[in-house]
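Below is one structure; the comments refer to it alone.
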Amino acid sequence: MVLGGDEPTGSLVRPYAVTRGRTRPQLEIALEALVETTARGRSGQFLGGREQKVIVDLCGGRLQSLAEIAARMEVPLGVARVLVADMAADGLLAVHEPTGFDADGVDGSVGTELLERVLSGLRRL
């Protein structure tokens, strides 16, 4: 896991330790959902670990998709999903679901254009 700088620092921390053993997020977040840091998150006045600080920093400058967050942190998507959902529930992050999804992240109306843009973005990572 890359946490600040180019130095991998989380290689000894198991993903289940980062999420405290949880594998299901508090709320479902689509892979391509865009995440940004809220004013509360930017204030830095929250009790969070190293991973939360990295997510706040990643999403503070520009919107990041859930997939980008996982890739940049070098953690499994499920771990990023749990962390982002927890932080959104605490008001540290705002999650913008793509159009065509309901609150549970489920809908069949996603067009191929959106999927192609997500795939293109992932390839650029």
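Each reported figure results from applying straightforward, stated rules to the coordinates on display, with no laboratory input. The structure displayed is predicted, hence computed values, not measured ones.
Could you work out how much longer the chain between His96 and Leu119 gets when fully extended? Use 0.36 nm per residue separation minus the Cα distance between them, nm to one decimal.
6.4 nm
Using modelled backbone amide H atoms (1.01 Å from N, in-plane), which distant-in-sequence or interchain residues come within less than 5 Å of Leu93's amide H?
When sequence neighbours closer than 5 places are left aside, the close amide H contacts are Thr38, Ala88.
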